[in-house]
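To keep things clear, I will list the structure first and then write my remarks on it.
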Amino acid sequence: MRVKIHTEGTNILLILLLILVVINLSAWMFIRPAVIPIVFSAVCGVFYLFVVNFFRSPRRTFRGDRENVVVSSVDGTVVALEEVFEPEVLRRKVRMLSVFMTVLNVHANWFPVDGEVLLVRHHKGRFLSAYLPKASIENERSTVLIRANNGQELLVRQIAGAVARRIVTYAEPGERSNIEDHMGFIKFGSRVDIYLPLDAEIKVKIGDKTVGGITEVAHLATKS
């Protein structure tokens, strides 16, 4: 597994570093006793490392059997697993699997299946806590519809949270999806829902931890 800084964070980290350097130089020049700028610099260093950690972008390789497999799109915790009616795109009953990310998780989003992207749609909305069930239909969100290689369709929804205010979606209609590729990125705490066919075999339960691009969350039934 290789880790690098995500392109979404490059400019933010550079600007933040320059700001912190200027502030800390001023503190060392004008503030006394010396213990104050020492403590201040230490706090700034910890804060900067925290932001760097948030924008880490691991490249992952799935080692299992890829046929009919659905992997988690994100690192996080399974917070919902229920049968719902999806009203915006699929317009039918499906099984919704939701994974919540804290600010400590990797925030890159992976494609959950190998297949073809059919639709990408952005929905404006509110910025409620992504942990709330109604966040799926009320919050700012981006929807990606994918047809898996076996012909089954599933929907992935990136959901902004109370802190997350920017959803980035790389998926484009007509392109191939690959479970080792990034589908998008959400900045600063959020949630991703996967809407699965009712006959999908679920491999996780509420409270389970997932690793994006690695953890098998479901198996799709073979389409007859």
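Take the conditions (1) at pLDDT 90 or above; (2) closer than 15 Å to Ser72 by Cβ; (3) not in a loop (DSSP other than H, G, I, E, B); Arg191 misses just one of them, which is (1). Looking at the range 24-35, is at least one residue closer than 18 Å to Asn109 by Cβ and among the hydrophobic types (A, V, I, L, M, F, W, C)? So far as the range 24-35 goes, no, none of its residues is closer than 18 Å to Asn109 by Cβ and among the hydrophobic types (A, V, I, L, M, F, W, C). The criterion of at least 1 residues that are surrounded by 16 or more Cβ atoms within 10 Å (Cβ to Cβ) is met, among strands (runs of 3 or more DSSP E) falling completely within the range 1-115, by 56-59, 69-71, 76-86, 92-101, 108-110.
Of everything listed in (1) at pLDDT 95 or above; (2) surrounded by 21 or more Cβ atoms within 10 Å (Cβ to Cβ), the single unmet condition for Asn139 is (1). Has the range 155-172 got any residue that is basic (Lys, Arg) and at pLDDT 95 or above? The answer is no; no qualifying residue exists. Looking only at the range 50-106, residues that are of a type in the set (Phe, Trp, Tyr) and either within 17 Å of the chain's Cα centre (by Cα) or more than 23 Å from Lys209 (Cβ to Cβ) (or both) come to 4 in all. Only one of (1) closer than 25 Å to Phe50 by Cα; (2) surrounded by fewer than 16 Cβ atoms within 10 Å (Cβ to Cβ); (3) modelled with pLDDT under 95 is not met by Lys209, so which one is it? It fails just one condition, (3).
The values are calculated or read from the model by the stated rules, or taken from the named source; none is laboratory data. As the structure is a prediction and not an experimental result, all values here were calculated from the model. Glycine gets a Cβ as well: all are built from the backbone with ideal geometry, and neighbour counts include every protein chain shown.
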